[in-house]
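Below is one structure, written out as structure tokens; comments come after it.
No lab work stands behind these numbers, since they all come straight from the coordinates. Keep in mind the model is a prediction, meaning the values are calculated, not measured. As a convention, Cβ positions derive from the backbone with ideal geometry for all residues, glycine included, and neighbour counts pool all protein chains shown.
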Amino acid sequence: MRVDAWIYVGERMRLEDGAVRQLRDAAALPGVVKVLATPDIHLGYGVPIGCVLAMDGAVVPAAVGYDVNCGMRLMTTPLKANTTKVGKLARSVARDIPLGEGKSNVRFSADQLRRLLARGLDALPEVAGAGGHRVWGGYDEAEVARDAQCTEEFGRLAGDPDAIPPRALQRGMPQLGTLGGGNHFVELQRVDAVLDAGLAERLGIFAGQLVVMIHSGSRGLGHEIGGHFMKLAAQVSGARSPNQHLCFLPADSDEGRAYVGAMNAAANFAFVNREMMTLLVRLNLRRSLGAIELPIIYDVPHNMAKLERHEGKELWVHRKGATRAFPASRLPADSPYKDVGQPVIIPGSMGTASYLLVGNERSAATLHSVNHGAGRTMSRTQAAGKRRRGKVLRPPAISDEAFAKAMKGIDLIAADKWSVREEAPQAYKDIDRVMETVLGAGLAEGVARMVPLAVMKG
């Protein structure tokens, strides 16, 4: 190890030996400046999920991962949750947003897609109306511009479509406006508790409120980009890296610049993807509830590498399963949250609470980073079991009865009733205990706690 590796974790919270070994390997990378793990740390690929890695002059594709700019978006409504038919709304939304792997939705031409990859939300007005898709019934240019203001990096990064492998472009072409599988979701939630009345009022949050949370990323396009550049990094620096899964690219090399351009393009894709789903949610809610205001609070990634200044140095800060939590002083002058700090959205698991926070000055030790969720305690296969052609090869660790009990009172809409069990609450750490660690360590300020009423899963 070239530097110490720090882990923020609460008492009695289990740490996987494999995840700690991955963190140790990250601390052995040439050019490493800082390594830490957030309370949701668990085994990942290359580095653990919940890892923050700062590098001097190098980028590490595995420390971003396969789902580039997987992220969270939170939308508010002016309504009390108990005044709406949440299950009916969720079923309506699920008819317009395809759930699960390998789905397609809003299609763009090759030229239109390249514009979106290069400039993210900035390019959306130029392609509005593409294909005559019903999503454009929810499109309002002024509203989308406000969404961009409430998105990290304003929903635009310097993407390079030419750096993207052809297979990634093919996979991404039809997938905008789709949720994906795994831990991705759309949830209709109720604000269960206000943690800070002043901050909640500033962000437009009130007790009992109906809100909508979206969790998705760059779909097949990001997966192809991640895999391509991880293999390239192994060729470039495998002999100097701690292991073949954790290799780096010099940031000023042709390969490093290509990765940053492709990663940014995938991030732009993900920003647009969540915006497409936002438009479809608005279309459905307004059809049922009238012309109500449905602003987003924020859209925040948790699988990215960005060049940031910390401790007097320009560093490539990788956050994999970790969320940036900038204080007010680090936000651009035109940010709508320049007075309070960056909003942070942390989901638990399906069936458990989610949290809204804002960044503060005290998180400098974590490079202004917090966790992105609760963190797994069991693998997907362990939770859901394994089957092939309808035959059960390994029984699930979570029984039908235990799963039903955990989801009691929640409307669940799932593309695959079997595999959805891999996302059961029992497969994750207790989000409330995880958040006790975050708030107790002073890494962010709590705003509100939300609970799910209806869950849409892949």
Legend entry - Where trypsin sites (Lys or Arg not before Pro) fall in DSSP loop in the stretch 263-342, at most 15 other Cβ within 10 Å: LYS338
Legend entry - Cut-off 15 Å between beta-carbons: net charge of the residues surrounding GLY442, Lys and Arg +1, Asp and Glu -1: -3
Inset, instruction - Assuming R0 = 60 Å, can you tell me the calculated FRET efficiency for the pair ASN82 and LYS313, based on Cβ-Cβ distance, to the nearest 0.05? - result: 0.75
Legend entry - Reachable lysines, given that their alpha-carbon falls under 28 Å from the alpha-carbon of LYS386 and they are not under 8 places away in the same chain: LYS103, LYS320, LYS405, LYS408, LYS417, LYS429, LYS457
Inset, instruction - Sum up the charges of everything whose Cβ sits under 13 Å from the Cβ of GLY102, counting Lys and Arg as +1 and Asp and Glu as -1, but leave GLY102 out. - result: +1
Inset, instruction - Kindly provide the GluC sites (Glu not before Pro) of the stretch 267-340 that DSSP labels as loop, not H, G, I, E or B, and whose Cβ sees at most 12 other Cβ atoms within 10 Å. - result: GLU293, GLU311
Legend entry - Residues of the stretch 101-140 with amide N under 13 Å of the 7 Å Cα→Cβ point at ASP334: 122
Inset, instruction - Evaluate the Kirkwood expression for the hydrodynamic radius of the stretch 328-458, namely the inverse of the mean inverse distance over all pairs of different C-alpha atoms, and round to one decimal in Å. - result: 16.6 Å
Inset, instruction - At 7 Å along the Cα-to-beta-carbon direction for both THR381 and LYS417, put a label point, then send me their distance in nm to one decimal. - result: 2.6 nm
Inset, instruction - Show the residues, 5+ positions off or on another chain, whose built amide H is closer than 5 Å to the amide H of GLY180. - result: GLY100
Inset, instruction - Among the trypsin sites (Lys or Arg not before Pro) in the stretch 1-55, which ones are in a DSSP loop with at most 16 other Cβ atoms within 10 Å of the Cβ? Mind listing them? - result: ARG2, ARG12, ARG14
Inset, instruction - Take the alpha-carbon centre of the stretch 62-126, take the same for the stretch 138-156, and report the distance between them in whole Å. - result: 13 Å
Legend entry - Cβ-based exposure ranking for VAL20, VAL186, VAL344, in which fewest neighbours within 10 Å come first: VAL20, VAL186, VAL344
